[in-house]
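See below for the structure under consideration.
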Number of protein chains: 2
Amino acid sequence: MSDLASLINDLGRRARAAARALAMLDRARKDAALHAMADELTASAETILTANREDVAAGRAAGVSSALLDRLTLTPERLEKMAAGLRQVATLPDPVGEVLREWTAPGGVRLAKVRVPLGVIGFIYEARPNVTADAAALCLKSGNAVILRGGSEAFRSNTAVAAALGRGLVRAGLPADAVQLVPSTDREAVRLLCAAGQYLDLLIPRGGRGLIETVVSHARVPVIKHFDGICAVYVDVAADLAMAESIIVNAKCQRPGVCNAAETLLVHRAVAEKFLPAAGRALLERGVELRAEDKAFALLAPLGSPKVVHAAPEDFRTEFLELVLAVRVVDSLDEAITHIAENGSHHSDAIVTADAAAAERFLREVDSATVYWNASTRFTDGAEFGFGAEVGISTDKIHARGPMGLEELTSYKYIGRGTGHIRT
Amino acid sequence: MSDLASLINDLGRRARAAARALAMLDRARKDAALHAMADELTASAETILTANREDVAAGRAAGVSSALLDRLTLTPERLEKMAAGLRQVATLPDPVGEVLREWTAPGGVRLAKVRVPLGVIGFIYEARPNVTADAAALCLKSGNAVILRGGSEAFRSNTAVAAALGRGLVRAGLPADAVQLVPSTDREAVRLLCAAGQYLDLLIPRGGRGLIETVVSHARVPVIKHFDGICAVYVDVAADLAMAESIIVNAKCQRPGVCNAAETLLVHRAVAEKFLPAAGRALLERGVELRAEDKAFALLAPLGSPKVVHAAPEDFRTEFLELVLAVRVVDSLDEAITHIAENGSHHSDAIVTADAAAAERFLREVDSATVYWNASTRFTDGAEFGFGAEVGISTDKIHARGPMGLEELTSYKYIGRGTGHIRT
């Protein structure tokens, strides 16, 4: 076994032992640990910020994009927000032990379906160091041990953050192995972690296509993918056009770099002539580049902006994550639904319409984690949903779909209580 | 692309199209189809039984075990039971569209969490032809298209059953592609099906270790394993020994060939001297071979039966599926829990005790899909749980654990209804 393989093996073995202990903890002990972890983050601010400055300098030297540098950068305020996030998770109810259902089976055994932790979670993510603390907090509160593997750009920051979290765990009398960071930037470690089936119950990859594909192809345990958001807003024939403009502007521009931002605008042909020039102007004013198919282009070109360009088919299958929007005129609600089925990523899609029947068809037939009627796609988020926190947005259909909070990090078991019941 | 690859590809494409149609069907149309499928099974009885006789003859010629031949054999009664199973699924509530939760998000959007089908399920199983009808019925009722791949021993039977089901679907006006059987016994087809990620939402393998390992190693989509049942009954110091004997005899002997049968008996040392000779006699009378570790062997040997033998360590990690039981004396509840954690398969385990505190510790700390107090492990079953039917018993923790009925074959989506809500 290589050194790296034996390292991953060791992380797995320790995590498995920690998971058994964590599963038995009551809420008070977990919440106390979360507070101790938050305190240690604050106490270690200087160390963490120094490590982060080294990451940012190395990233700048390596020529990473300014968007990535911004996500990578920690400030005293961002660090305080990270600590506040840990304390916020402490206020959330403990999902473990919740009785989901109780009934008497036909044979007389009294059954209960009870929430339990999953066990050991492998969490593989990119760039933002705050994810290290968020994921650790949610896994701990849900009774799971976690092995974290962050992006190499944030390695020094993540190491400092994880060390502080570990001190908090120990101070609270919990096993430090509850939260472990893979102490290597070697890409081979990702492959080894994915294949560590005997120690892991679940892998959660959160990042770009390359990362997700690596994890899926090497995984020997279940994976819940946090993938692309190719989200569409469809403006129906019966839309309130002022509302539609406000929604697409919000969905595209309020925070373009996230997965629930809109990448596609579909407009019914009957309202396109009226809607597109006005909405197009509003979007152009906010710096959005409009990649329009022919019919949409004909309506947007008269705005005279160099930011109105012809769309290629792949523009409708691209997560831009910046101020770019693919625009298409459709003949019908059916065409909009089909477009989304064939081009979208099943994340979040919206219809704007005053026609309740059209809305209900869209809500029913569009197979996405979240579908909206007269609301922005930007609401797909654990905090906005009222989950308190999230590890991310699942684009899978198995186990957890959409925002993944504490409940989505649990499994369940059945408990059967009898008085000598045997099967006949 | 090989012929086989293009065949699997074609099955996937057709299933995906059928799944879209199935997701929109109301309960009445699905139930009508289930009745039509049951009628067609009955109408095709002679064809199906003839095909089955050919399978049984080929199996006998190939020297397959008598247990397997029994599971393979269809009779007019078994066929009628298969048809009755389809009609039974028609009586169950439709899970699709069920509103699991409704609330107003902090930002004012009204959210609903609604059950939806998974899409396309690949179901890979061994031997029993009735699984073909059961799986088809449950997938259809839960709005999913299914691609079935049965064992090669039952290929002729499964083909005849699937053809009858298909006629029922068509008669009811549903797409025949809702239920497809892989028309090949080539093992390569399993590998290709597992890798057909673009068409499948879930793979369910149900069978022996070899089958499960093949599926897991080739899968590029989520897998819910239906694996071993290495189930233990632990007789505690405070057990009612008559109850304990009745439970272990039931758990071992009532139907030894199934996954929820007990394979291991653990006995607290303080009651072993009294319990083991009596229980051992009862088990030996039913033809059970007792593989005992040293302390248990010392107590069982005086019974003077050649069926009392020394256990090897691997006997405690073996799913015998026949009248063989591994027996061990333990020093404490803790030792029993640790034994199960290290040797069991996390399927179903039971404690027999009058001590509520000991029972609650066992129920909490044993990490199995189902844990019992004073009841036989044999109750882990969809029908016994009152689920009406099941595709099997999941030994996974992700998505579905324990008996998988209709609800476990669904996912969910979030529906957000606003009045122009945008995120601030």
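So the values come out like this:
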read-out	value
Simple Cβ-charge dipole of chain A, Lys/Arg +1 and Asp/Glu -1, about Cα centre, in debye nearest 20	1560 debye
Taking chain B and dividing mean pair separation by its residue count, relative contact order in percent (alpha carbons under 8 Å, at least six apart)	18 percent
Approximate spin-label separation B:Asp294-A:Ala61, in nm, with each point projected 7 Å along Cα-to-Cβ	6.2 nm
Options B:Val258, B:Ser142, A:Phe297, ranked by Cα towards positive dipole end of the protein assembly as shown, top entry (Cβ charges)	B:Ser142
Counted charge near B:Lys141, where neighbours are those whose Cβ lies closer than 14 Å (Asp, Glu -1; Lys, Arg +1)	-3
Karplus (6.51, -1.76, 1.60) ³J(HN,Hα), θ = phi - 60°, over region B:325-334, in Hz, Gly and Pro reported as x	9, 8, 10, 9, 8, 10, 7, 6, 4, 4
Expected 222 nm ellipticity per residue - DSSP helices of 4 or more, -39500 (n - 2.57), all of chain B, to 500	-13500 deg cm²/dmol
Whole-angstrom Cα spans of chain A along principal axes, big to small	70, 68, 40
Cα lying deepest toward the dipole's positive end in chain A, options A:Leu4, A:Phe227, A:Ala383, charges on Cβ	A:Leu4
Axis proximity, chain B to A: residue whose C-beta lies nearest, plus whole-Å distance	B:His399, 2
Contour minus Cα-Cα distance for B:Ala282 and B:Met24 (0.36 nm per residue)	87.4 nm
Test item: B:381-388 mean partner chain Cβ contacts at 10 Å	4
Estimated dipole of region A:231-384 in Debye, rounded to 20 [Cβ of Lys and Arg +1, of Asp and Glu -1, Cα centre]	460 debye
Projected label distance in nm at B:Glu213 and B:Thr104, using a 7 Å step from Cα toward the beta-carbon	5.7 nm
Dipole of region A:231-384 [Lys/Arg +1, Asp/Glu -1 at C-beta], most positive-end residue of A:Met243, A:Gly280, A:His346	A:Gly280
For A:Cys139, B:Cys253, A:Cys259, order by how many other beta-carbon atoms lie within 10 Å, fewest first	B:Cys253, A:Cys259, A:Cys139
Angle in degrees between helix B:155-171 and the longest Cα principal axis of chain B, rounded to the nearest 10	40 degrees
Long-range amide H partners of B:Leu203 with built H, under 5 Å	B:Gly122, B:Val223, B:Ile224
Size of electric dipole in the protein assembly as shown: Cβ of Lys, Arg +1 and of Asp, Glu -1, about Cα centre, debye, nearest 20	320 debye
Degrees between helix B:269-285 axis and first principal axis of chain B (Cα, 0 to 90, nearest 10)	70 degrees
Calculated from backbone phi, Karplus (6.51, -1.76, 1.60) coupling profile of region B:236-241 in Hz, x at Gly/Pro	7, 4, 9, 6, 6, 5
Set of region A:155-198 residues, backbone N closer than 17 Å to the point 7 Å along the Cα-Cβ line of A:Glu54	A:155-165, A:181-186
Cα shape, the protein assembly as shown, gyration tensor, a/c 1.5 rule	oblate
Taking region A:231-384 and dividing mean pair separation by its residue count, relative contact order in percent (alpha carbons under 8 Å, at least six apart)	32 percent
Average beta-carbon neighbours from other chains, 10 Å sphere, peptide A:346-357	1
³J(HN,Hα), Karplus 6.51/-1.76/1.60, whole Hz, each residue of region A:190-195, x for Gly, Pro	5, 4, 5, 5, 4, 8
Chain lengthening between B:Glu77 and B:Val309 when straightened (0.36 nm per residue, less Cα-Cα)	79.5 nm
Cβ-based net charge around A:Phe320, under 10 Å, with every Lys or Arg adding one and every Asp or Glu removing one	-3
Distances in nm from B:Ala242 to the matching label points in the other copies, shortest first (labels 7 Å along Cα to Cβ)	8.2
Cut-off under 5 Å, modelled amide H: who pairs with A:Ala262 long-range	A:Lys252
Calculated label separations, A:Leu69, copies of the chain, 7 Å along the beta-carbon direction, nm	7.7
Distant-in-sequence amide H partners of B:Leu100 (H built 1.01 Å from N, under 5 Å)	B:Lys113, B:Val114, B:Arg115
Cα gyration tensor shape for region A:225-265, rounded if a/c is under 1.5, else prolate or oblate	oblate
Pairs beyond 22 Å (Cα-Cα), from A:Lys397/B:Lys397; A:Lys225/B:Lys413; A:Lys274/B:Lys413	A:Lys274/B:Lys413
Cα-based equivalent ellipsoid, region A:231-384: semi-axes from gyration tensor eigenvalues, Å	21, 17, 14
Inter-part distance where region A:222-277 and region A:70-136 are each reduced to a Cα centre, Å	31 Å
Helix axis angle, B:130-141 relative to chain B longest principal axis, alpha carbon, degrees	50 degrees
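Read the figures in this text as sums done on the coordinates, not as results from a lab. Because the structure is predicted, anything quoted here is derived from the model rather than measured. Cβ atoms come from the backbone with ideal geometry, glycine included; neighbour counts cover every protein chain shown.
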